[in-house]
Each structure stands twice: as C-alpha cells, then as structure tokens.
Amino acid sequence: MDIFKPIKFNNNTKKSKVNAGEIPGSYQVLENSLPTKLFVYAYSENYLQELETHDIDKAFEFIEGQNKHTIWLDVKGLGSQMVIDTIQKKLNINILTMEDIVKTHQRPKFEEYENYIFVTSRMLELGKSLQLNNEQLSFLLFENLILSFQEDYDDVLEPIRTRLRKNVKGNMRNLGPSYLLYALMDTVIDHYFTIINRLGDELEIVEEHLYQKAHKYLMYRIQAVKKLMISMRRAAWPERDKINDILRTTNPLINTETKVFFRDAYDHSIQIIDLIESYKEISTSLLDLYLSMISNKMNEIMKFLTIVSVIFMPLTFIAGIYGMNFANQDPVSGKNLPLNMPELYWPNGYVFALALMLLITFFQVWYFAKKGWFKN
C-alpha cells in the first residue's frame with residue numbers, strides 16, 4: 001500500500017432533504033434512483049425456486065403460486081414508482097413506511113405495525129481509496145414473506161443467497177422469514193468487522209511510517225480514518241438499539257427460536273461499537289503524536305539555529321568593533337590618538353583576530369558538547 005497516495009475521502013451518505021410543511025407519507029422516487037430489479041426466492045426445507053424480473057405483477061403472480069413456502073422478495077433499485085406503488089397496495093403497507101423506504105436517509109430502527117414489521121439497517125462498503133458507501137437496507141417482515149429494499153445492485157448479502165442455494169443443513173430453510181431477517185442483518189453487521197479491520201490495518205501502517213518520518217500525508221490519512229470511524233459510529237449505535245428492540249418485542253412474527261440468534265447479533269453490534277471507539281481513540285492519539293513530532297522537529301531546528309547564532313554572536317561582535325576603523329593618528333594634524341584602536345596597526349593583527357575568533361568558537365563548541373546540546 002502506498003501510504004503517500006492521495007486520498008479520495010468520500011462518505012457516500014445521502015443527506016436528509018426535508019421540505020418544511022411537506023405532507024407526511026409522500027414517497028415519490030428520487031430522479032437519480034436506479035431502475036428496479038426484482039429477485040424472488042421461494043424456499044422450504046427441500047425446495048428452492050428463484051425468479052428474476054422487472055415486472056412486479058409477474059413477481060406477485062409467482063409469489064401467490066408459492067404460498068406454501070417462505071418467500072423473499074429482494075427489490076434492488078428504487079427508481080420505479082409503479083413497483084413501489086404496487087407493493088404498497090398489494091400488501092397494504094402504511095404510506096409512512098413507504099416514505100421511509102424511498103427516502104434513504106433513515107437511521108437503523110425497528111417499527112411494528114398491525115400485520116407486518118418494518119426494519120432499516122445501514123449497509124456499509126469501503127472502497128479502495130477510503131470511500132465509504134453508506135446505503136440504506138429496508139425490510140418488511142410478514143408471516144411467510146420478507147421484502148428487502150436496497151438502493152444499489154451491489155450488496156454484501158451474497159453469502160445468504162449461497163446458503164439458500166446450497167441447502168446446507170441448518171436453520172436457514174426451517175425457521176421462516178424471521179430467521180432470514182436475522183441472517184441478513186447479521187451479515188450486514190459482520191461486514192462492519194471487515195471494514196473496521198481494514199481501517200485498523202491502515203492505522204498500523206500509518207503509525208509505522210509516522211515513526212520513520214512525520215509526513216503531512218500521514219495526518220490526512222489519520223483524519224480520513226477518524227471521519228470514517230465517526231460515520232460508522234452513527235450507524236452502529238442505533239443498530240444496537242434496534243436489535244435490542246427486536247429482543248424485547250412479543251410480536252409473533254419474530255420466532256422465539258430466532259431471538260437466540262438475535263442475541264448473538266446484539267453481541268456483535270456491541271463488539272463493533274467497542275472497536276470503533278477504540279480505533280477512534282487510536283486515531284486521535286496518532287494525530288496528537290504527529291503534532292508532537294512536528295513540534296519536536298521544530299524545536300530541534302530552533303535549537304540548531306540558536307546554537308549557530310550563539311557561536312557567531314561573539315565573532316560578529318569582534319568583527320563589528322574592528323570594522324569601525326577609527327584611525328590611530330589624526331590625518332590633518334598628525335597627532336596620535338592612543339584610544340582609537342592601536343591594534344589596527346599591530347604586526348600580524350589580522351592573524352591574532354582570527355586566532356581569537358577560532359579560540360572562542362572551539363570553547364563554545366566544547367562547552368555545548370559538554371552540556372549535551374548536540375544530542376538528539
């Protein structure tokens with residue numbers, strides 16, 4: 001890794017744009033949203049059927065024919081108003097919920113409604129140049145159906161799809177949509193560990209280079225990592241609170257057997273918060289260390305300049321006095337002026353002056369060395 005590579009810090013988090021007086025429940029899709037793709041998975045213990053389509057009517061037709069199985073409808077891209085409206089009408093979803101799905105600046109939360117549960121998470125992805133993509137991932141949980149909504153086509157959920165397809169013996173196909181909700185949320189949380197470990201490696205590399213030379217690019221990288229930690233902290237803290245709300249709920253849509261696994265996800269979220277706080281403190285300490293090293297370097301420079309100035313000060317004083325050139329004899333009257341530098345006319349006076357300067361210089365250098373001023 002080139003530690004001096006220019007940083008393109010980008011925390012790709014959409015800022016909340018709320019118009020004062022706006023009618024609650026308006027959920028018009030954003031202009032820059034990606035076209036919607038629909039992926040449907042119908043599964044049970046020994047059964048799996050998949051469908052990929054752009055047609056929401058075709059997707060619901062497929063879902064209605066699979067009413068004996070658990071259904072996962074994965075909606076990628078929120079650019080189709082027709083798809084959003086159809087889902088809202090078909091499943092009788094509260095318009096405030098649809099607004100929260102479309103306006104993707106929500107913090108992680110857990111909300112219960114009469115016939116479904118609404119959950120949001122923040123799905124984080126770290127690019128090559130410390131680019132943090134912060135995407136909202138929304139879930140709607142019904143009795144035998146779970147819907148997921150995401151802004152982009154890329155995600156970190158591929159391990160869940162792989163587990164569904166491989167039919168690995170376990171709980172994935174047996175505990176219904178609430179377990180799938182846990183698995184998806186836990187995968188998002190576990191990916192936080194990957195990001196944090198990478199940022200931790202970044203701080204270790206910065207620290208190693210910092211002891212070699214306190215370059216200004218190191219300060220930029222430390223500050224970039226610190227900003228990323230703050231962004232992750234804003235996602236991790238409400239994530240913990242959200243899982244805690246799930247553990248406390250008595251809603252029958254969350255299986256009792258599944259709550260055991262949610263407790264494990266809760267532990268992971270606490271570990272994430274602890275790591276974030278630790279690395280944030282480390283980044284702050286590295287910034288302080290950088291500033292301290294720069295200050296010490298400046299002190300060393302000032303110390304060197306001070307020693308040089310002190311050495312040349314008496315030499316400059318001697319040269320200044322004998323540079324005044326007061327004559328020893330009045331050029332008009334010829335009268336001797338004994339107090340006007342008779343040394344100017346001494347034989348070998350130039351040699352004596354240089355010898356005196358060298359003697360003073362050697363004495364100063366010896367004295368400074370004895371005091372240890374030349375040591376780092």
(request) Pull up the range 131-180, narrow it to residues that are crowded, with 21+ Cβ neighbours inside 10 Å and part of a loop (DSSP other than H, G, I, E, B), then point me to the one that is nearest to the chain's Cα centre (by Cα). (result) Asp155
(message) Which count do you get for residues in the range 297-322 that are within 41 Å of the chain's Cα centre (by Cα) and either surrounded by 12 or more Cβ atoms within 10 Å (Cβ to Cβ) or small (Gly, Ala, Ser) (or both)?
(response) 3
(request) Might you check whether a residue that is touching a Lys or Arg at 6+ places or on another chain (Cβ under 8 Å), of a type outside the set (D, E, K, R), surrounded by fewer than 19 Cβ atoms within 10 Å (Cβ to Cβ) and modelled with pLDDT under 95 occurs anywhere in the range 90-103? (result) no
(request) Please go through the range 127-145 and pick out each residue that is under 30 Å from Gln88 (Cβ atoms) and of a type outside the set (Ser, Thr, Tyr). (result) Asn133, Asn134, Glu135, Gln136, Leu137, Phe139, Leu140, Leu141, Phe142, Glu143, Asn144, Leu145
(request) Can you work out which of the residues in the range 209-261 that are in contact with a Phe, Trp or Tyr (Cβ under 6 Å, 6 or more places away or on another chain) and over 30 Å from Thr284 (Cα atoms) is surrounded by the most Cβ atoms within 10 Å (Cβ to Cβ)? (result) Ile246
(request) Please state which of the following conditions Asp190 fails to meet, knowing it meets all the rest: (1) buried (at least 19 other Cβ atoms within 10 Å of the Cβ); (2) within 23 Å of Ile273 (Cβ to Cβ); (3) not basic (Lys, Arg). (result) (1)
(request) Considering only the range 155-182, state which residues are among the aliphatic types (A, V, I, L, M) and more than 21 Å from Leu51 (Cα to Cα). (result) Leu175
(message) For the range 271-296, give me each residue that is exposed (fewer than 13 other Cβ atoms within 10 Å of the Cβ) and hydrophobic (A, V, I, L, M, F, W, C).
(response) Leu291
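The values are calculated or read from the model by the stated rules, or taken from the named source; none is laboratory data. The model shown is predicted, which means the values in this text are computed figures rather than measured ones. Reconstructed Cβ throughout: ideal geometry from the backbone, glycine too, with neighbour counts over all protein chains shown.
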